[in-house]
Amino acid sequence: MDQQMSDHNKLAELEVKTETHLAQCEERWKTNFHRLDNIDTNLQRIETRTIALGGAIILFLAGCIVTVLTTIG
């Protein structure tokens, strides 16, 4: 009977630890997903700026080429 009570106490303790672990993991995953959303937003902003800068450089260089060609010709 004493062994049964000890086993029951161990089982109850394991259940509490498991529930605590699950709650902590859920909170950590929420935090991770929030951080990943922030990273995704920042990467999209960087990508947009990079594309805009690339377009500006292409237009600038095309203007330089047109200027050189019209000056020579």
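What does the charge count near ASN42 come to, summing +1 for each Lys or Arg and -1 for each Asp or Glu among other residues with Cβ under 12 Å from its Cβ?
Within the 12 Å Cβ shell, the charges total 0.
With every protein chain kept in place and ligands, DNA and RNA left out, what is the accessible area per residue of the chain? Probe 1.4 Å, answer in Å².
The answer is 95 Å² per residue.
Between CYS25 and MET5, what is 0.36 nm times their sequence separation minus the Cα-Cα distance? Round to one decimal in nm. Can you show the working numbers first?
Details: separation 20, 0.36 × 20 = 7.20 nm, distance 3.01 nm.
Extending this stretch completely gives an extra 4.2 nm.
Would you mind checking the tilt of helix 2-72 against the longest principal axis of the Cα atoms of the chain, expressed as 0 to 90 degrees and rounded to 10?
0
Given 5 Å bins starting at zero, what is the percent of C-alpha pairs of the chain in each, up to the one with the largest pair distance?
P(r) for the chain, in whole percents per bin: 3, 13, 7, 9, 7, 6, 8, 5, 6, 5, 5, 4, 4, 3, 3, 3, 2, 2, 1, 1, 0, 0.
The values are calculated or read from the model by the stated rules, or taken from the named source; none is laboratory data. What you are looking at is a predicted structure, and each value in this text was computed from that prediction instead of being measured. Virtual Cβ from ideal backbone geometry, glycine too; neighbours counted across all protein chains shown. Keep in mind that these areas ignore ligands, DNA and RNA; they rest on the heavy atoms of the full protein, side chains included. Shrake-Rupley method; radii C 1.70, N 1.55, O 1.52, S 1.80 Å.
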